[in-house]
Amino acid sequence: VQLQASGGGLVQAGDSLRLSCAASESGFRDYAVGWFRQAPGKGQEFVAAINWSSGESYYAGSLKGRVTISRETSKNTVYLQMNSLQPEDTAVYYCGANPRGIVQDHAASYIYWGQGTLVTVSS
C-alpha cells in the first residue's frame, strides 16, 4: 500500500490542524495506521494509531486529550486532529501502516510509510 500524508503547515500556538493519510487504491484493509513525528534534532516519536477495521485506537500518553485519530472508510483516509498546538509540536509528521493490524507505538512494526508532512507552530 502507498501512503500520502498531507495537511501540514504553519500555524500559531493554540491553533488546530488536521492531518490526512490517504491510502492507495488497495486501501488499508485490516492494517493498523499510526502517526509518528520527528522534531528537528530529535528522534521519532509515536503520536497515535488506529486499527482500520475495528477502529481501536491508541495514543501517546503525553498527547492524549489533544489529538484524535479517526478514519473515513469511503476515502481510504486516516486523520489526525491536533488541537491546542504548541511550538514543541513542530515536527515532520509521518503516517505508517502495520499489516499485522496491531495498534502500537513501535515504529519498526509499521512497514509502509508516507513521505511526511511538516507542521510548524509559531509562538
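The values are calculated or read from the model by the stated rules, or taken from the named source; none is laboratory data. Since we're looking at a predicted model, the values are computed, not measured. Quick reminder, even Gly has a Cβ in these numbers, built from the backbone with ideal geometry, and neighbours come from all protein chains shown. The accessibility values were calculated without ligands, DNA or RNA, using every heavy atom of the protein model including side chains. Shrake-Rupley method; radii C 1.70, N 1.55, O 1.52, S 1.80 Å.
Structure notes:
- Verdict on residue 48 being touching a helix residue (DSSP H, G or I) at 6+ places or on another chain (Cβ under 8 Å), open to solvent by less than 70 Å² (accessible area, probe 1.4 Å), aliphatic (A, V, I, L, M) and under 13 Å from residue 93 (Cβ atoms): no
- Residue identified as surrounded by 15 or more Cβ atoms within 10 Å (Cβ to Cβ), out of contact with any helix residue (DSSP H, G or I) (no Cβ under 6 Å at 6 or more places or on another chain) and free of Cβ contacts under 8 Å to residues at least 60 places away in the same chain among 58, 93, 79, 31: 58
- Selection of the stretch 63-76 for residues being open to solvent by 50 Å² or more (accessible area, probe 1.4 Å) and within 21 Å of residue 12 (Cβ to Cβ) yields 65, 66, 68.
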